[in-house]
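Report on the following structure.
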Amino acid sequence: MKVIQLLPELKVGGVERGTVDLSEHLIKLGHDSAVISAGGHLVDLLDDHGAKHFTLPIAKKNFRAISQISNLQKIYSEFQPDIVHVRSRFPAWINYFALKNFKGTKPIVISTFHGLYSKPFYSKSMSYADEIIVISKTVQDYVKKNYHVNESNLHLIYRGCDLEEFNAVPLNEEWKDAWFEEFPQTKNKIILNLPGRITSWKGIESFIDLFSKIDTSKFHGIIPGPVAHNKNSYFNSLNKLIKHKNLSAHLTFCGSRSDIANVYKISDIVMNLSSKPEPFGRTVIEAAACGSHVMGWDRGGVKESINLINPAGLVMHGNIKMLADQIDKVLATAPPLSIPKQFTKESLVRSTMNVYELALSKAS
C-alpha cells in the first residue's frame, strides 16, 4: 500500500503529530508512506522512520499555493499512491483540482474532519472524499448537518494520545524542585491548570473569573501556553484584568512548555473552558493519561471525553459558580488511572488502517 498524507505544514500540533504517528505505523507494517506539506521541524521525524517528504508551499491560502496543482500532479505520477489522505481544507481543494484532470490512475481519497469548520462552503473540499474520518461524535453530527455525504462512508476515530509521552509515571524530584524554584507561588497549593495557546476562545477569562469565586489561599492557577506575536495586545489585556481583580498572586502564565506532560502531572485539575465547542479537546485526554483530574464545559468533544473519564468533571457551559462548587467534588474522586482505549495512539493508527483497507476493498 502506498499512502500520501497532505496537510499545510509539519510544525507543532495534534494534527501534525498524528500524521507522523500514522506514517511511522505504515512503515512498520511494510507500506510506503509519504507526506506533502510546506515543511517544518517534524519532517526530521519522517526521515527517521524512512518516510518521504515532498515540500510544497501550501500552508498559505494564496495564488502561489494554488499554482502548485501541477506540481502535486507530478508527485502523484512519481509516487503513484493508492491512497491520498487530506487533513486540511485548502490542501484538500488543491488535491481536488489536481485529481480532476489527472492523467494517471486516480488514488482513493480519504479525508479527516479535524474541526467544526466555520465556513461550510469553503470546507466542502473535505467532503470530496471516498471515505471520511471524523474525530468525535460532535464533528460527525456537524458533517451530517452541513454536507451531503453517505453516512456509511463516515468513520468515527477519536484522536490518539501517545502513552509513551503522556502517562502516570511519577514525577522525579529533580523536576519538581526545578518547577517550585521557578514557580514558588504554586508550592503547597492545589494547582488548577488551563493549558493552551493564548487566544480569545480558550476561556481564559472564565478561568480568571473562577478565581474570584474560590478560596485563593488554597488554590493557584497556571496557564501554560505560547503567546503569538499578534496576540500580545490580548495577552496584556488579560494581565490587566487579573490585576484589576487583585488576582496577580494567584494566577500565573507559564509560557510555552516542552515538558507539558510533567506540567499536567504537577496539576491537581486540568481544565478546558473554551468559549466555543471543541471538536475534540486533546489536552483533556493528555492530562487524564498523566493521572490528573479533568474538568470542562458540558458540550462538544470535551463532553464526550470527560464523560468517559469522570462525568463529575462536566459543568454547564458558562456557569462559573457551578464550576467553583464542583472542584471539591472532583478532587474527592479517584484520579484517572488510564484513559479509554479509543483515545490512544494505537487505536487511532489501527482504526485508520482499517478505513484504508476498507476503501481499497471497495475499489477492487
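Keeping to the stretch 24-62, report how many residues are over 22 Å from V349 (Cβ atoms) and of a type outside the set (A, V, I, L, M, F, W, C).
Total satisfying the criteria: 6.
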Any hit, the stretch 146-156, residues being within 25 Å of the chain's Cα centre (by Cα) and buried (at least 20 other Cβ atoms within 10 Å of the Cβ): no
Count of residues meeting criterion [farther than 17 Å from F207 by Cα and either in contact with a Ser or Thr (Cβ under 7 Å, 6 or more places away or on another chain) or buried (at least 24 other Cβ atoms within 10 Å of the Cβ) (or both)] in the stretch 264-285: 5
Residues that are in contact with a Lys or Arg (Cβ under 8 Å, 6 or more places away or on another chain) and farther than 25 Å from R17 by Cα, drawn from the stretch 78-104: L99
Criterion (modelled with pLDDT under 95, farther than 23 Å from Y122 by Cα, among the basic types (K, R) and not in a helix (DSSP H, G or I)) met by exactly one of K60, K103: K103
Condition met for G196 (under 22 Å from Q326 (Cβ atoms), surrounded by 13 or more Cβ atoms within 10 Å (Cβ to Cβ) and at pLDDT below 95): yes
Residue among D48, D21 that is in contact with a helix residue (DSSP H, G or I) (Cβ under 6 Å, 6 or more places away or on another chain) and surrounded by fewer than 24 Cβ atoms within 10 Å (Cβ to Cβ): D21
Subset of the stretch 247-264 [within 23 Å of P170 (Cα to Cα) and out of contact with any Pro (no Cβ under 8 Å at 6 or more places or on another chain)]: S258, D259, A261, N262
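Could you go through the stretch 111-119 and let me know if any residue there is more than 22 Å from the chain's Cα centre (by Cα) and without any contact (Cβ under 8 Å) to a residue 60 or more places away in the chain.
no
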So S88, is it buried (at least 18 other Cβ atoms within 10 Å of the Cβ), farther than 24 Å from K103 by Cβ and touching a residue at least 60 places away in the same chain (Cβ under 8 Å): yes
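Against the definition (more than 30 Å from P340 (Cβ to Cβ) and crowded, with 18+ Cβ neighbours inside 10 Å), how does I208 come out, yes or no?
Values: more than 30 Å from P340 (Cβ to Cβ): yes; crowded, with 18+ Cβ neighbours inside 10 Å: yes.
When the stated conditions are applied, I208 passes them.
Per-residue answers, yes or no, for (1) surrounded by fewer than 12 Cβ atoms within 10 Å (Cβ to Cβ); (2) polar (S, T, N, Q); (3) modelled with pLDDT under 95:
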position: I191; (1), (2), (3): no, no, no
position: H220; (1), (2), (3): no, no, no
position: H229; (1), (2), (3): yes, no, yes
position: S233; (1), (2), (3): yes, yes, no
position: K240; (1), (2), (3): yes, no, no
position: L247; (1), (2), (3): no, no, no
position: F253; (1), (2), (3): no, no, no
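The values are calculated or read from the model by the stated rules, or taken from the named source; none is laboratory data. Computed from a predicted model, the values in this text were never measured in an experiment. Counting neighbours? That spans all protein chains shown, and the Cβs are built from the backbone with ideal geometry, glycine included.
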